[in-house]
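One structure is given here, and the rest of the page talks about it.
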Amino acid sequence: MAEHPAYPVGLRLTGRKVVVLGGGQVAQRRLPALIAAGADVLLVSPEVTPSVEAMADAGEISWQRRPYAEGDLADAWYALIATSDDEANTAASAEAERHRVWCVRSDDADAATAWTPATGTSEGVTVAVLTSRARGRDPRHTAAIRDAVVEGLRDGTLVAPHHRTRTPGVALVGGGPGDPDLITVRGRRLLAEADVVIADHLGPRDLLAELPANVEVIDAAKLPYGRFMAQEAINSALIEHAKQGKSVVRLKGGDPFVYGRGMEEVQALAEAGIPCTVVPGISSSISVPGAAGIPVTHRGVAHEFTVVSGHIAPDDERSLVDWPALARLTGTLVILMGVGTIGKVAETLVAHGRPADTPVAVVQEGTTAGQRRVDATLATVAEAVRTHEVKAPSVIVIGDVVAVGPRPAG
């Protein structure tokens, strides 16, 4: 028997009794998958880890605080034996054999009737990897194979074509602050499956080079007309391609709903009857300061942070921002799209009570190879931006958190 490979099978454990003996690290790792499978889990162990106890307290498992006893595996469909008592493990394994219960043993795989594969999931697909005992069981090698397959499915480098008709629609994907590695796993996978990609100039452009040649890429930054009509043109392009039965990805910088006009696109698609999936992204409002060594909150320094659009100056009648109220706050202010208005912003904040020596950092092209940081104060930031010729895209951080981390080199 030892020279034959294990027969792979998927167990449907919903509502079925599963017995776990032992409440240590092995149980802690295995229990979440059993719970997710809908199993009726009975845990038998005198002691458990805090995480396992939390599962019991939440009602996800039943816990009997005692050692294993003969009869514990009665009516079980599956058993995991993971105690530190060799005699108990052997006795429980024998009971499982008598009752024809598939049994995994953490202490002795050769004595088990079942092995736990290294598993991972990606969009409803479960990858399970087992190595043949005849070739020598190497759990690390098995896990590495699992990780490589799952990562490839998630990031799109391992593409498995769909053999059923895909439902056409639009995925509104937040691409993150600029570094292509900071897009979400789901966003990257949807890009790999797209027929059409409509991309903003602030999105992670490096990812577009990885797309197959047959994928149509539309540069949203070059659509005709002015700002308002450009958005209408983007909406029209999304609807047009989706109605052609294509899988469309709208790739945006940061998060679609943080100054990304994402909801306008969702509304336009809804009116046209086009299904839309929203994939959140990492907003530059927190990621760029973090990449520059600035925490937007810090114990004893800032208990809140406020994100503000600076594309309209404080003295512009179109502004919806209560600048006097912001000036009275003691926490962190993060200004997006504010390079052109930072002089007026700083003047307004100081005029309404924010100290002129409040630290300010301007981070240009954050998370990319071109990232640079310019430090100043509210009194000097306008001149610093001019002197250092700071350009958009830049994130401006105002508050004492700027001085918390190590000072930037140079």
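Some notes on this structure:
- Among the residues of the range 51-66, those identified as free of Cβ contacts under 8 Å to residues at least 40 places away in the same chain and part of a strand (DSSP E or B) are Ser62, Gln64.
- Residue in the range 32-50 that is in a loop (DSSP other than H, G, I, E, B), over 18 Å from Ile81 (Cα atoms) and either touching a residue at least 24 places away in the same chain (Cβ under 8 Å) or among the polar types (S, T, N, Q) (or both) present: yes
- With respect to the conditions (1) in the same structural domain as Val173 (by TED's automatic domain parsing); (2) assigned to a loop (DSSP other than H, G, I, E, B); (3) surrounded by fewer than 21 Cβ atoms within 10 Å (Cβ to Cβ); (4) of a type outside the set (S, T, N, Q), Glu240 lacks only one, and its number is (2).
- Counting only residues that are of a type in the set (A, V, I, L, M) and loosely packed, with under 11 Cβ neighbours inside 10 Å, the range 39-75 holds 1 of them.
- Flag for Val360 being assigned by TED's automatic domain parsing to the domain that holds Pro324, within 35 Å of the chain's Cα centre (by Cα), of a type in the set (Val, Ile, Thr) and under 14 Å from Val334 (Cβ atoms): yes
- Residue in the range 244-263 that is farthest from Asp195 (Cα to Cα), counting only those that are of a type in the set (D, E, K, R) and at pLDDT 95 or above: Asp255
- Residue that is nearest to Gly293 (Cα to Cα), among those in the range 348-378 that are free of Cβ contacts under 8 Å to residues at least 24 places away in the same chain and surrounded by fewer than 19 Cβ atoms within 10 Å (Cβ to Cβ): Arg372
One line per residue, one yes/no per condition, for (1) over 27 Å from Arg372 (Cβ atoms); (2) outside the structural domain of Thr341 (by TED's automatic domain parsing):
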| position | (1), (2) |
| --- | --- |
| Lys252 | no, yes |
| Gly273 | yes, yes |
| Ile294 | no, no |
| Thr297 | no, no |
| Ile312 | no, no |
| Arg318 | yes, no |
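- Close pairs from the range 143-155: first under 13 Å from Ala118 (Cβ atoms), partner among the aromatic types (Phe, Trp, Tyr) and surrounded by 15 or more Cβ atoms within 10 Å (Cβ to Cβ), Cβ under 8 Å, at least 6 apart: none
- Against the conditions (1) part of a loop (DSSP other than H, G, I, E, B); (2) small (Gly, Ala, Ser); (3) touching a residue at least 40 places away in the same chain (Cβ under 8 Å), Ala128 satisfies every one except (1).
- Residue selection: Ser93 satisfies the criterion of being surrounded by 15 or more Cβ atoms within 10 Å (Cβ to Cβ) and either free of Cβ contacts under 8 Å to residues at least 24 places away in the same chain or in the same structural domain as Arg146 (by TED's automatic domain parsing) (or both).
- The range 84-121 - residue that is polar (S, T, N, Q) and not in a helix (DSSP H, G or I) and, of those, modelled with the highest pLDDT: Ser84
- Residue match in the range 315-333 (condition: β-branched (Val, Ile, Thr) and within 23 Å of Phe257 (Cα to Cα)): yes
The values are calculated or read from the model by the stated rules, or taken from the named source; none is laboratory data. On a predicted model such as this, the values are computed, not experimentally measured, just so you know. No Cβ is skipped: glycine too gets one built from the backbone with ideal geometry, and neighbour counts run over all protein chains shown.
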